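What follows is calculated from the coordinates using simple rules that are stated; it is not laboratory data. If you're wondering where the values come from, they're calculated on a predicted model, not measured in any experiment. Glycine gets a Cβ as well: all are built from the backbone with ideal geometry, and neighbour counts include every protein chain shown.
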Amino acid sequence: MNEDLRPVCLTIAGVDPSGGAGVLTDIKTFARYDCFGTGAITSLTFQNTTGVFGSVSQSAETVYQQIKAVAEDMEIAAVKTGMLPTREVIEAVAASIAEFELRNLVVDPVVRSTSGFDLIDDAALDALVEKLFPLAAVVTPNLAEAERIVGGRIVSIDGLNSAGAKMLGRGANAVLIKGGHSFEDRPAKAVDRLYRRDETKKFEAEFIAGEPVHGTGCTLSSAIAANLAHGKPLYDAIGDAKRFVTDSIRTAVMVGHGNRPVNI
């Protein structure tokens, strides 16, 4: 890489036209980390701060050609994936990562909304686990997503630990499960847990009470990818990203009529 240039990060995800999540949030996060942001669009969603009203998925070939165009022209230092709507798209993304030898992959498995709505079908979920988990430096599910991946409710720390172990057993190299503080009535800290084959590590930050904030998962995963692009070890990349997201939640402002977007 030319040391005079900013590292290039690629997000492969959907578009939230209101800018609260997805590719637009990823690009803003990359910029905050002094990375050059690029993107491949997997889905065009119809949403704003109040909710999601529909989407149109891109074909696997369309997604592949976007990745190919960027990868053949630039040296990509890190990749973040978000919404991957179909098995065919997931397989195309996995094939692209292998073909272009893309590194520092962060997989944000957007498979279930926090309200419990499944965003992809079982075939796509199986492909996500089989094809992308083994390629990722880290997988970053929230509690709802972890439940969908392991196929059961998570209601305790023991359940959280079991879910982390199951995902490692299905090929993941590292799993960061967000939201472990949800088991507490009045949490003082926002706690995420990183599971690796030889250890478990907690990442804690101030718990900021109040109305829900939109786009935290996208911001965290893209911040981790940006840190990896700059050469930080995984622990440091996660710790810094956690602090960045906490600040973005603390300063979030209302720009619409629904949830506040993170302030990037």
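Data overview
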| read-out | value |
| --- | --- |
| Reachable lysines, given that their alpha-carbon falls under 16 Å from the alpha-carbon of LYS189 and they are not under 8 places away in the same chain | LYS178, LYS201, LYS202, LYS242 |
| Reachable lysines, given that their alpha-carbon falls under 21 Å from the alpha-carbon of LYS131 and they are not under 8 places away in the same chain | LYS68, LYS80, LYS166 |
| Cα-based Kirkwood hydrodynamic radius, the chain, one decimal, Å | 18.2 Å |
| Segment 8-261 - charge dipole about Cα centre, Lys and Arg +1 at Cβ, Asp and Glu -1, debye rounded to 20 | 620 debye |
| Under the Karplus curve 6.51 cos²θ - 1.76 cosθ + 1.60, θ = phi - 60°, whole-Hz ³J(HN,Hα) for segment 167-175, x wherever Gly or Pro sits | 5, 4, x, 9, x, 5, 7, 7, 10 |
| Selection from ASN227, ILE12, GLY210 lying farthest towards where the dipole of the chain points positive, charges on Cβ | GLY210 |
| Distance from segment 198-264 to segment 36-106 (C-alpha centre basis), Å | 21 Å |
| CD proxy at 222 nm, helix term only [per DSSP H run n ≥ 4: -39500 (n - 2.57); per residue of the chain; nearest 500] | -11000 deg cm²/dmol |
| HN-Hα J in Hz across segment 32-42 - Karplus 6.51, -1.76, 1.60, θ = phi - 60°, x for Gly and Pro | 5, 9, 6, 10, 8, x, 10, x, 10, 8, 9 |
| Placed amide H near PHE36: partners under 5 Å, 5+ positions off or other chain | VAL8, CYS9 |
| Dipole magnitude of segment 1-101, debye to nearest 20 (Cβ charges: Lys/Arg +1, Asp/Glu -1, about Cα centre) | 460 debye |
| Rounded to 5, percent antiparallel among DSSP beta bridges of the chain | 50 percent |
| Packing-based order for 81-94, 45-58, 234-247, using average beta carbon neighbours within 10 Å, highest first | 81-94, 234-247, 45-58 |
| Cut-off under 5 Å, modelled amide H: who pairs with ILE12 long-range | ALA40, LYS80, THR81, GLY82 |
| Under 5 Å, built H, 5+ apart or other chain: amide partners of VAL110 | LEU84 |
| For segment 256-264, Karplus couplings with θ = phi - 60° (6.51, -1.76, 1.60), whole Hz, Gly/Pro x | x, 10, x, 6, 6, x, 4, 9, 10 |
